[in-house]
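Down below is the structure, laid out as structure tokens.
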Amino acid sequence: MGKKYVYHYFNVKGRGETPRLLFAAAGVEYKDDRVEFSDWPKVKGTTPLGALPYLEVDGQKIPESVAIARYLANEFGLVGKSNLDKAKIDVLIDQMIATRESMVAIKYEKDEAKKAELMKKFNEEQIPKCFGYIEKTLSENSSGFLVGNQVTWGDLALIDLDGMLINFETSTNLDKFPKVVAHRKKVEALPRISTYLKNRPVTPF
Amino acid sequence: MERKYVYRYFNLKGRGETPRLLFAAAGVEYTDDRVEFSDWPNIKGTTPLGVLPVLEVDGQQFPESVAISRYLANEFGLDGKSNLDKLKIDVVVDLLIATRESAANMHFEQDEAKKAELLKKFHDEQIPKCFGYIEKTLSENSSGFLVGDQLTWGDLALIDLDHLLCNLGNLINLENFPKVAAHKKQIEALPQISTYLKHRPVTSH
């Protein structure tokens, strides 16, 4: 009998979308519990860390979206073929996390001058660092995936981040990274991903 | 034939100590290449991301200390017994990372008023959140380890952060977290760890 998964997050992509992409890519059933902001005060106390997302599995509640994504990738075999593959994916994930954190800092910065400074640094330093490394990684792998010759959770996390950048206030242009652009098309065209993207709720972020 | 590892970081504990603890715990030989700050400008360009640490293995270079740690833990069997174990470790590691980042931000904040505000938030929010969760995790596991009944890299990452917070001047009072205090003693007393701690270079942080 299949494992029962319940994934709790808000009705946004935000920090919680990569696990949903994983369930979709693996074709695994789960309960996609989207918490309304208005219900959050009641739900907050029932969570392990007072935050979302968390995953319910085997009667346990596990927080931390990246840890959850890695776990699901391991469970579903979307994690590369060796420990070195896993390490390569983890390195890329860490870069993507850093980029995402920079975006969060920009979004919540109230001081206009400071915000402009952060946006400049983001486009001139963080993006070249992160996406330069990803572009190089992709050019060293003829399959078009980040690692090996099959989709891994690294690929899903990357298209998740791509999607977030497209609408973001830093007006970041990823066209300078042609392999990243090609990667996004390729991964979004995979049958299960394509279907998921077509049917997922449309949310502002 | 044995794998050759070269681990390159500054002559500090800083962000790079957990991999060294892993090599020590596993009793695995490696080249502990400690880079002098004066040599750094010459070496920077040779690294994948212009930062340290870097792990050299199988003719490849990997950045990102946490990804490196997880890889070594996988290689050395110090990563728990199941995917769920690995997930539990990852959750704790994510919390430790967030706490480390907060401590680093505070440390480097020049504005005195802002620094005081960050320190208050650190004590009132970050420490209870992170160490409260860890204290709870430890009290649910009779072995005294974070996960399962053997040492994992989660235990090493935790004592590494304990050391940092104690060195940076009272950033945590472990008496508020008795299981964490007991855990620190237990891990530091393990033969391979005890020997390593006795002989490692003494550095300011």
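The values are calculated or read from the model by the stated rules, or taken from the named source; none is laboratory data. Everything quoted here is computed from the prediction, not taken from an experiment. Positions of Cβ are generated from backbone atoms using ideal geometry, with glycine treated the same way; all protein chains shown enter the neighbour counts. What goes into the accessible areas is simple: the full protein's heavy atoms, side chains included, and nothing from ligands, DNA or RNA. Shrake-Rupley method; radii C 1.70, N 1.55, O 1.52, S 1.80 Å.
Figures for the structure shown
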{"item": "Qualifying positions in region B:50-72 - at pLDDT 95 or above, facing chain A (nearest Cβ under 7 Å) and surrounded by fewer than 24 Cβ atoms within 10 Å (Cβ to Cβ)", "result": "B:F62, B:P63, B:V66, B:A67"}
{"item": "Residue within region B:110-121 that is in contact (Cβ under 8 Å) with a residue 24 or more places away in the chain, surrounded by 12 or more Cβ atoms within 10 Å (Cβ to Cβ) and either touching a strand residue (DSSP E or B) at 6+ places or on another chain (Cβ under 6 Å) or outside the structural domain of B:Y71 (by TED's automatic domain parsing) (or both) present", "result": "no"}
{"item": "Residue identified as assigned to a helix (DSSP H, G or I), more than 9 Å from chain B (Cβ to nearest Cβ) and either surrounded by 20 or more Cβ atoms within 10 Å (Cβ to Cβ) or among the basic types (K, R) (or both) among A:I127, A:I93, A:I89", "result": "A:I127"}
{"item": "Residue match in region A:71-81 (condition: away from chain B (no Cβ under 12 Å) and either open to solvent by 30 Å² or more (accessible area, probe 1.4 Å) or touching a strand residue (DSSP E or B) at 6+ places or on another chain (Cβ under 7 Å) (or both))", "result": "yes"}
{"item": "Single condition A:K110 does not satisfy, out of (1) more than 18 Å from A:R15 (Cα to Cα); (2) assigned to a helix (DSSP H, G or I); (3) within 14 Å of chain B (Cβ to nearest Cβ)", "result": "(2)"}
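Let's see how each residue does on (1) at pLDDT below 95; (2) under 27 Å from B:G132 (Cα atoms); (3) under 19 Å from the mean Cα position of the chain (by Cα); (4) away from chain B (no Cβ under 13 Å):
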position	(1), (2), (3), (4)
A:K3	yes, no, no, no
A:F10	no, yes, yes, yes
A:G16	no, yes, yes, yes
A:A25	no, no, yes, yes
A:T47	no, yes, no, no
A:V57	no, yes, no, no
A:P63	no, yes, yes, no
A:V66	no, yes, yes, no
